[in-house]
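Trainee: Provided herewith is a single structure, encoded as structure tokens, for subsequent inquiry.
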Amino acid sequence: QICNQHNAEAPNLEQAFHRMAQTEPNLDHDVSWFLLPSYWSKMIVALISFLCFANSYDGDFVFDDSEAIINNKDLRAETPLGDLWHHDFWGSKLSSNTSHKSYRPLTVLTFRINYLFAGGFYPIGFHVINIILHCTISVLMVDVFSILLGGLQFNNKGRRLNLAPKTSLLAALLFAVHPVHTECVAGIVGRADLLCALFFLLSFLGYCKAFRENKEGHNFSVFWVLVSVILGAVAMLCKEQGITILGLNAVFDALVINKLNVLELVQKLLHKDKSLENSGLLRKGLLFRITLLMSGGATILYIRWRIMGTGPPAFTEVDNPASFADSLFVRAINYNYYYSLNAWLLLCPWWLCFDWSMGCIPLIKSVSDWRIITLAALWFCLIGLICQALCSEDSHKRRILTLGLGFLIIPFLPASNLFFRVGFVIAERVIYLPSIGYCILFTYGFSLLSKQAKKKKILAVAVLGILLINVMRCALRSSQWRSEEQLFRSALSVCPLNAKVHYNVGKNLADKGNQSAAIKYYREAVRLNPKYVHAMNNLGNILKERNELQEAEELLSLAVQIQPDFAAAWMNLGIVQNSLRRFEEAEQSYWTAIKHRKKYPDCYYNLGRLYADLNRHIDALNAWRNATVLKPEHSLAWNNMIILLDNTGNLAQAEAVGREALELIPNDHSLMFSLANVLGKSQKYKESEALFLKAIKANPNAASYHGNLAVLYHRWGNLDLAKKHYEVSLKLDPMAPGTKENYNLLRRKLEQLQKKGG
């Protein structure tokens, strides 16, 4: 029903569901907008939502995609499927102290299916699914908005009536083209929000089906209420926000199905009015349905809590600085400031950023900070809307405003810091569901303006302009999400004080080999956040490679001083100390790294190199063996073992290690080369030749491969082939050590043979 009748004798539910209330106001009446059949509306919404984000289909894996997808072992076929139910979103055990406790097994399952069907990490399939999901959700929004804006009514055949076809289309279009959704659609990790939204909406629509009269003539169907609870649980298994749909279903039931007047009910409770039993709260079925919803929600939350463990997720101050403030006043002020920024992103989604942490939004520490004005503006608007939602004599207005505020606020509560600390300042992805409430309020405001406006077409053109601008903004933002370079650089103008933005730009440049430019951004990241240990570690690494060892050591020493359990920084500090020939300190740093990260194959590898430099051969071999046990595909560790055993005359052992390595990594040409050298020295010329040729086929431009094969032929007496490969080697690397001397020796020998033959 659209209208809330204010009389003691409310109409029977069955009658209400099958009768159109002629006295109720209709949002569409004064709106100058397109009136289309439902299927046309849905096709248009699907097409436009597709156009907004279509250019992201062939984007790369960016930002968090690396951790959630590429480095997530739960996606691989060798990982048991059951592990998904014991791991967090990033593939870590939920029992781990470092786990973020983000339990989204169904989302990870869809990633795994994507990976298996694609036969590897090919991002196009992941992106296409995200686009399809957003289009599907946008189409469902046509039905959802028709209920929220027009009310829930059925005809005599049990078919739901769309009482607001114009405004539901407008609201669905606003949702479909909102630029703040780009992170969810163009960023593959946003799959969690999309799946959550899909089942969130299906739960709502399922709950609405409970009020379609069945053959027995009951007021509602318990089956569909239970289906709604199950779909809410599925939504939560995609992302935590999904559980909030159960609360929204209860609000919808009270306001729309039972036409409850909240203010009137509160007044009756305060005055202990005897007519309370006739109010909507005690009307047949409402308390039972709300009990089903709440008990279902409590059960789901309890199971979720048991799986997650009793400990909350661990976040750092840089993730959410306001939550670490000592003063309750500072925390409250900044939380409210964050809410106002989220509201602004819904109203004006122009300044978008992939990450809003690390100084992007400085804390408000004093009431003299001008940003306090935004808090006042937010609460002025909210209080005004709440007063209208509670106190307006127009029941139609009360219902729409309350539903709009409910869908705006309730799905946002898990990200509000009110119940637990979250690991971000602002995250555009968490506004995906609350934007439903924004679209309701915007559309209702548009209908009110249309009612007052004399030139309705001008107003409609203005709204079309907003939609068009949003479509273009979505397309632009989607293109920025196609690659990390574009994404990170786009954030520099939005959040120039964000150390993580500069860090990510620097890391992207370093990965591309542009170390000089990377150093500049890493230094700026450290300047903005003097405790940014990851930036110090990466900067120290680059300086180490450029042989600027003193500054590298200073940075890495500071990093481990700030974060004593930072294993990677300890290992890199050990590498620098080894280069400075401070071997005892280097060894200590390596062991400290291993102490903080037990399974650290790269550290064992570097420890082995240290022992080899000190001629502690047995210790070196043990360290490299540990590296290969922890990481069987660690090619460098295998190679070093083979080379050390070869150099110390242990040819049989070197051969055994080489064969073991090639069984594990059969296509590694460097291992083929090392084993071929050993076999050549053992006079197993035929097998050695085969491995050399295989290695050359895999890497034909390696001068050393041709040079050593030439040496093999030289020893073997196959002088013509030896001459050929010496010449190839010298062509590839004229300065190759020893090759020129061996070639000259061969030429003299060939000349002597020619003279003897002559």
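Trainee: How many residues does region 354-372 contain that are loosely packed, with under 11 Cβ neighbours inside 10 Å and closer than 25 Å to Ala491 by Cα? Please lay out each step first, then the result.
Mentor: Step one: filter region 354-372 for residues loosely packed, with under 11 Cβ neighbours inside 10 Å, giving 366-368, 370.
Filter again for closer than 25 Å to Ala491 by Cα, leaving 370.
Residues flagged as loosely packed, with under 11 Cβ neighbours inside 10 Å and closer than 25 Å to Ala491 by Cα within region 354-372 amount to 1.
Trainee: List pairs: first residue in region 641-653 and closer than 11 Å to His617 by Cα, second residue surrounded by fewer than 13 Cβ atoms within 10 Å (Cβ to Cβ) anywhere in the structure, Cβ distance under 9 angstrom, at least six positions apart or on different chains.
Mentor: Here the result reads Leu645/Ala652, each pair linking region 641-653 to a residue that is surrounded by fewer than 13 Cβ atoms within 10 Å (Cβ to Cβ).
Trainee: Quick one: is Val189 open to solvent by 10 Å² or more (accessible area, probe 1.4 Å), in contact (Cβ under 8 Å) with a residue 24 or more places away in the chain and among the β-branched types (Val, Ile, Thr)?
Mentor: On the way: open to solvent by 10 Å² or more (accessible area, probe 1.4 Å): yes; in contact (Cβ under 8 Å) with a residue 24 or more places away in the chain: yes; among the β-branched types (Val, Ile, Thr): yes.
Here the answer is yes, as Val189 does meet what is asked.
Trainee: Return only the number of the condition from (1) in a helix (DSSP H, G or I); (2) charged (D, E, K, R); (3) out of contact with any Asp or Glu (no Cβ under 7 Å at 6 or more places or on another chain); (4) open to solvent by 10 Å² or more (accessible area, probe 1.4 Å) that Arg212 does not satisfy.
Mentor: If we test Arg212 against (1) in a helix (DSSP H, G or I); (2) charged (D, E, K, R); (3) out of contact with any Asp or Glu (no Cβ under 7 Å at 6 or more places or on another chain); (4) open to solvent by 10 Å² or more (accessible area, probe 1.4 Å), just (1) comes out false.
Trainee: What helices (runs of 4 or more DSSP H) lie completely within region 427-496 and have 3 or more residues being open to solvent by less than 10 Å² (accessible area, probe 1.4 Å) and not assigned by the TED database to the domain that holds Pro349?
Mentor: Per the criteria, 456-480, 484-494.
Trainee: Which residues, taken from region 616-656, are aromatic (Phe, Trp, Tyr) and either in contact with an Asp or Glu (Cβ under 9 Å, 6 or more places away or on another chain) or under 16 Å from Phe673 (Cα atoms) (or both)?
Mentor: Keep residues of region 616-656 that are aromatic (Phe, Trp, Tyr), which gives 624, 638.
Selection gives Trp638 alone.
Trainee: I'm trying to understand the selection: among the residues of region 64-90, which are hydroxyl-bearing (Ser, Thr, Tyr) and part of a loop (DSSP other than H, G, I, E, B)?
Mentor: Across region 64-90, the qualifying residue is only Thr79.
Trainee: List the number of the failed condition for Ser99; all other conditions in (1) under 30 Å from Phe488 (Cα atoms); (2) touching a Ser or Thr at 6+ places or on another chain (Cβ under 9 Å); (3) in a helix (DSSP H, G or I) hold.
Mentor: It fails just one condition, (3).
Trainee: Does at least one position in region 321-341 carry a residue that is within 24 Å of Phe175 (Cα to Cα), open to solvent by 30 Å² or more (accessible area, probe 1.4 Å) and out of contact with any Phe, Trp or Tyr (no Cβ under 6 Å at 6 or more places or on another chain)?
Mentor: Within region 321-341, one or more residues are within 24 Å of Phe175 (Cα to Cα), open to solvent by 30 Å² or more (accessible area, probe 1.4 Å) and out of contact with any Phe, Trp or Tyr (no Cβ under 6 Å at 6 or more places or on another chain).
Trainee: Oh, and also: Looking at (1) at pLDDT 90 or above; (2) open to solvent by 40 Å² or more (accessible area, probe 1.4 Å); (3) more than 30 Å from Ile618 (Cα to Cα); (4) of a type outside the set (Ser, Thr, Tyr), which is the only condition Glu663 fails?
Mentor: Result: Glu663 passes all but (3).
Trainee: Would you check which residues across region 592-639 are part of a loop (DSSP other than H, G, I, E, B), open to solvent by 20 Å² or more (accessible area, probe 1.4 Å) and within 19 Å of Asn578 (Cα to Cα) and list them? So that I can check it myself, show each step before the final result.
Mentor: So in region 592-639, the residues part of a loop (DSSP other than H, G, I, E, B) come out as 597-600, 614-616, 631-634.
Right, trim to open to solvent by 20 Å² or more (accessible area, probe 1.4 Å) and you get 597-599, 614-616, 631-633.
Matches in region 592-639: Leu614, Asn615, Arg616.
Trainee: Which residue pairs have Cβ atoms closer than 6 Å, lie 6 or more positions apart in sequence or on different chains, and pair a first residue in region 310-339 that is in the same structural domain as Glu240 (by the TED database) with a second residue that is open to solvent by 40 Å² or more (accessible area, probe 1.4 Å) and of a type in the set (Gly, Ala, Ser)?
Mentor: Partner pairs satisfying both residue conditions: none exist.
Trainee: Report yes if Val505 is touching a Ser or Thr at 6+ places or on another chain (Cβ under 9 Å) and over 21 Å from Pro179 (Cβ atoms), otherwise no.
Mentor: Answer is no for this residue.
Trainee: Identify all residues within region 29-53 that are among the hydrophobic types (A, V, I, L, M, F, W, C) and buried (at least 16 other Cβ atoms within 10 Å of the Cβ); write none if there are none.
Mentor: Let us first name the residues in region 29-53 that are among the hydrophobic types (A, V, I, L, M, F, W, C), namely 31, 33-36, 40, 43-48, 50-53.
Within region 29-53, Val31, Trp33, Ile44, Val45, Ala46, Ile48, Phe50, Cys52, Phe53 qualify.
Trainee: Okay, next question. Any idea which residue in region 542-591 is nearest to the chain's Cα centre (by Cα), counting only those that are surrounded by 14 or more Cβ atoms within 10 Å (Cβ to Cβ) and among the basic types (Lys, Arg)?
Mentor: Only one residue tops the list, namely Lys544.
Trainee: Pairs needed: first member in region 45-63, assigned by the TED database to the domain that holds Thr182 and in a helix (DSSP H, G or I); second member anywhere, open to solvent by 30 Å² or more (accessible area, probe 1.4 Å) and of a type in the set (A, V, I, L, M, F, W, C); C-beta distance under 7 Å; at least 6 residues apart or different chains.
Mentor: Taking only residues 6 or more apart or on different chains, the pairs are Val45/Val139; Ala46/Val139; Ile48/Val471; Leu51/Val471; Cys52/Val471; Cys52/Ala475; Asn55/Ala475.
Trainee: Of the residues that sit in region 736-758 and are in a loop (DSSP other than H, G, I, E, B) and free of Cβ contacts under 8 Å to residues at least 24 places away in the same chain, which one is surrounded by the most Cβ atoms within 10 Å (Cβ to Cβ)? Full working, then the answer.
Mentor: Of the residues in region 736-758, the ones in a loop (DSSP other than H, G, I, E, B) are 736-738, 758.
Keeping just the survivors that are free of Cβ contacts under 8 Å to residues at least 24 places away in the same chain gives 737, 758.
Working: Pro737: 9, Gly758: 5.
Result: Pro737.
Trainee: Hey, among Lys723, Lys731, which residue is over 22 Å from Asp646 (Cβ atoms), buried (at least 16 other Cβ atoms within 10 Å of the Cβ) and not small (Gly, Ala, Ser)? Break it down into steps so the answer makes sense when it comes.
Mentor: Working: Lys731 fails: buried (at least 16 other Cβ atoms within 10 Å of the Cβ).
Just a single option satisfies the conditions, and that option is Lys723.
The values are calculated or read from the model by the stated rules, or taken from the named source; none is laboratory data. None of the values given here were measured: they were computed from a predicted structure. Note: ideal-geometry Cβ built from the backbone for every residue, glycine included; neighbour counts use all protein chains shown. Areas reflect the complete protein model, heavy atoms only, side chains present, ligands, DNA and RNA absent. Shrake-Rupley method; radii C 1.70, N 1.55, O 1.52, S 1.80 Å.
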